[in-house]
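What follows is one structure encoded as structure tokens, with my remarks underneath.
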Amino acid sequence: MEENLSSCRLILCAESSSRIIAPIKSRCLLIRVAAPKYDDIAKILLAVGAKEKCDAFLTPTVAQTIAQESGRNLRRALLMLETMKADHLLNGKCTTIQPGWIQFIRKCARKITEAQTVAQLIQLRAAFYELEAHLIPPELVFRTMVNELLKYGDIRTKNGLLELAACYEHKMRIGSKRIYHFEAFVAKYMMMFKKNLVPALSMNMDEDEFDDDLM
């Protein structure tokens with residue numbers, strides 16, 4: 001990079017700078033680009049719909065709904081629009097469809113809250129590997145899983161979830177076997193969720209023994 005500085009320019013795109021090594025950071029100008037706003041995404045969807053000749057069904061209301069469901073992720077919004085067009089769901093109504101991997105993670109989150117057992121953890125391990133095989137970034141899977149788990153439990157459980165998420169997300173970023181840290185995160189959350197769900201059980205349960213069984 002230094003030898004060809006006068007004739008070479010590289011533009012590197014990344015979602016996070018935490019895994020970029022220091023020598024690269026020192027030789028680059030870091031520019032943070034904000035995610036597009038919901039109104040901007042809706043305008044882009046309407047423009048794409050006009051080019052694809054589906055603007056008769058893609059109303060501004062539907063475009064705004066897709067933008068809200070995308071979480072300010074333009075790529076996800078375009079994929080949702082493409083899926084809805086392929087499945088003939090563009091009928092002027094506000095019915096949107098989430099990507100398959102998001103629906104899959106939602107099912108996994110529901111399973112975690114339904115049963116906190118070793119057998120359940122083994123099934124979830126296979127689900128994690130399946131997501132990884134489909135090239136879904138582990139960081140994105142982790143963030144989506146945490147957002148789904150926040151829908152369950154009381155305030156104490158949610159606070160504990162955020163503490164676990166902060167700890168294991170850091171371990172995932174600095175470690176090489178990210179799937180192991182993800183599995184450990186789910187095991188810890190299962191133990192915490194079960195203790196908070198059944199307070200009487202937590203008084204007689206050996207935490208270390210339960211933790212070892214899950215791991």
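Points to keep in mind about this one:
- Cα long-axis angle, helix 118-133 against the chain (0 to 90 degrees, to the nearest 10): 20
- Lys, Arg +1 and Asp, Glu -1 on Cβ, resulting dipole of the chain about Cα centre, debye, nearest 20: 780
- Just checking the listed ones, Met192, Met172, Met84: in the Gaussian network model of the chain with Cα springs under 10 Å, the one fluctuating most is Met84.
- Estimated inter-spin distance, Ala47 and Asn196, nm [label 7 Å along Cα→Cβ]: 4.4
- Here each label is just a point 7 Å from Cα along the line to Cβ, and for Gln98 and Ile155 those points are 2.6 nm apart.
- Nitroxide proxy distance, nm - points 7 Å out along Cα→Cβ at Cys8 and Phe57: 4.9
- Between 0 and 90°, nearest 10: helix 38-51 axis offset from the chain longest Cα axis: 50
- Stretching Leu135 away from Arg72 to a fully extended chain increases their span by 20.6 nm, per 0.36 nm per residue minus the current alpha-carbon distance.
- Pairs from Lys25/Lys177; Lys85/Lys194; Lys51/Lys111; Lys37/Lys158 whose Cα-Cα separation, in the structure shown, is over 31 Å: Lys85/Lys194; Lys51/Lys111
- On the beta carbon distance between His170 and Asp87, with R0 = 30 Å, the FRET formula returns roughly 0.15.
A short reminder: the numbers here are calculations on the coordinates, not readings from a lab. The model shown is predicted, which means the values in this text are computed figures rather than measured ones. Cβ coordinates were reconstructed from backbone atoms using ideal geometry, including for glycine residues, and neighbour counts include every protein chain displayed.
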